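Any read-out appearing in this document is the output of simple, stated calculations on the displayed coordinates, not a laboratory observation. Quick caveat, the model's predicted, so the values are computed rather than measured. Glycine gets a Cβ as well: all are built from the backbone with ideal geometry, and neighbour counts include every protein chain shown.
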Amino acid sequence: GNPSSLHSVGQEAAEALADARQRIAACIGADPGEIVFTSGGSEADNQAILSAARLGRQQGRQHIISTAFEHHAVLHTLEKLKREGFEVTLLDVHENGIVLPHQVEEAIREDTCLVTVMYANNEIGTIQPIREIGAICRAKGVPFHTDAVQAVGAVPIDCHALPVDMLSLSAHKFNGPKGVGALYIRRGVMPLNFLDGGAQERGRRAGTENLAGIVGLATALEAAVNGLDEKRARLARMRDYVLEHIQKMPQVKVNGPLDGSKRLPNNVNASFTAAEGESLLLMLDMRGVCASSGSACASGSLDPSHVLLSIGLPHEIAHCSLRISFGVQNTIDDAKAVCDALDEVVPAVRQRSPLWRA
């Protein structure tokens with residue numbers, strides 16, 4: 001049924017939609033009316049940034065602060081705004097991939113209309129000091145958005161306890177269906193009507209709601225946050241097992257912090273000198289290990305990851321990098337299998353490299 005229809009089937013759908021909105025809000029410490037459903041994290045990021053930009057322009061403020069290693073959904077939107085006359089400051093994230101709060105404070109100007117900093121990086125897993133950054137923004141009267149697509153379902157999120165105005169999430173990052181996400185919009189913040197059409201989502205996002213996807217999002221998110229502390233600890237054991245192993249291998253650099261409290265519990269990212277990343281991926285896949293060399297959203301590009309370049313890696317090292325992510329379905333035996341596969345694959349790839357022989 002269509003939740004906008006008045007007949008009984010439509011009203012049953014409307015009840016399911018309201019119930020899902022309530023359940024999702026409860027999982028992230030928000031009110032149901034602060035949740036706007038989207039097609040995923042990219043749309044949520046776009047809506048948040050373009051909303052703040054529109055309001056900023058009306059107020060004569062056209063300066064936006066972000067970081068050099070945001071997801072392309074943020075960076076490409078900022079590039080679009082630059083072509084429309086906005087000024088964008090991209091902060092350095094340093095070798096460990098962490099933004100320092102004082103950088104944000106020093107970058108804020110009278111004409112700053114938005115600060116957008118991702119909660120956790122999708123490639124190297126760094127968790128940002130969101131609470132501190134948000135507190136600075138609130139004290140300065142600047143709206144703050146965080147792309148929390150990687151964080152929701154992986155670390156505890158309480159929107160009302162955090163000084164954030166908008167927060168993006170996507171269902172497929174916590175085992176929900178693809179093609180559905182949400183944007184948390186703090187009460188009092190006026191979002192841009194991103195899609196024109198019907199009056200769905202209280203006029204904030206036109207289009208008949210993806211009800212099956214939304215209910216799936218709610219169910220998956222509840223499952224993700226249920227027993228989250230235990231899941232995080234189990235994932236961290238797998239992560240740390242692999243990190244400790246690869247640090248014993250010759251000429252390997254772990255990308256991102258070694259401090260587990262500043263890294264997503266399921267993320268491993270490392271560079272293997274003279275072992276080309278694409279060859280590593282293909283040979284690992286033949287051994288049943290599905291890894292990546294960066295964001296799946298940029299997998300068709302031959303360029304090295306902009307995230308790895310932003311933390312200072314040279315091109316030749318960034319091209320030799322792997323990202324390995326663990327999920328709740330994995331076990332410590334899987335972590336051991338990953339290490340065994342790396343022990344076979346990395347030397348084999350290096351043997352074919354003239355850089356390694358040199």
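Of note:
- Averaging the sequence gap over all C-alpha pairs within less than 8 Å and six or more residues apart, then dividing by the number of residues, gives region 50-165 a relative contact order of 26 percent.
- Per-residue Karplus couplings for region 26-34, computed as 6.51 cos²θ - 1.76 cosθ + 1.60 with θ equal to phi - 60°, are listed in order as 5, 6, 10, x, 10, 8, x, x, 9 Hz, Gly and Pro entered as x.
- Charged side chains reduced to their Cβ positions (Lys and Arg at +1, Asp and Glu at -1) give region 313-354 a dipole of some 180 debye around its Cα centre.
- Its alpha carbons considered, region 124-183 gives a radius of gyration followed by a Dmax of 12.3, 38 Å.
- Only the Cβ atoms of Lys and Arg (+1) and of Asp and Glu (-1) were treated as charged; on that basis the dipole of the chain about its Cα centre amounts to roughly 120 debye.
- Rounded to whole numbers, the Karplus 3J(HN,Hα) couplings from phi for region 62-75 are 9, 10, 10, 10, 8, 10, 6, 10, 5, 5, 4, 4, 8, 4 Hz, using 6.51 cos²θ - 1.76 cosθ + 1.60 with θ = phi - 60°, and x at Gly and Pro.
- Near Thr273, once Lys and Arg are set to +1 and Asp and Glu to -1 for all other residues with Cβ below 9 Å from its Cβ, the sum equals +1.
- Cβ-based charge dipole, the chain, positive-most Cα from Val345, Gly10, Val104: Val104
- Cα-centre dipole for region 86-240 with unit charges at Cβ (Lys and Arg positive, Asp and Glu negative), debye to 20: 580
- Residues of region 9-35 falling in the label zone of Arg138, defined by backbone nitrogen less than 20 Å from a point 7 Å along Cα to beta-carbon, are 25-35.
- In the chain, the DSSP-assigned H stretches of four residues or longer account for a calculated mean residue ellipticity at 222 nm of -12500 deg cm²/dmol, using -39500 (n - 2.57) per stretch and the full residue count as denominator.
- Convex hull projection area averaged over all views, the chain, Cα basis, nm²: 18.6
- Normalised contact order of the chain, rounded percent, pairs of Cα under 8 Å and 6 or more residues apart: 18
- Considering only alpha-carbon pairs that sit under 8 angstrom and 6 or more positions apart, the relative contact order computed for region 1-110 is 17 percent.
- Distance histogram in 10 Å bins (all Cα pairs of region 8-152, percent per bin): 11, 38, 33, 13, 5, 1
- Fraction of C-alpha pairs exceeding 20 angstrom in region 164-243: 50 percent, rounded to a whole number.
- Taking a ≥ b ≥ c as the square roots of the eigenvalues of the Cα gyration tensor, region 208-250 is classed as oblate, since a/c reaches at least 1.5 and a/b does not exceed b/c.
- Lysine pair count for region 150-289 (Cα-Cα distance under 26 Å; residues 8 or more apart in sequence or on different chains): 6.
- Potential extension, Arg83-Met249 segment - 0.36 nm per residue separation minus Cα distance: 55.2 nm
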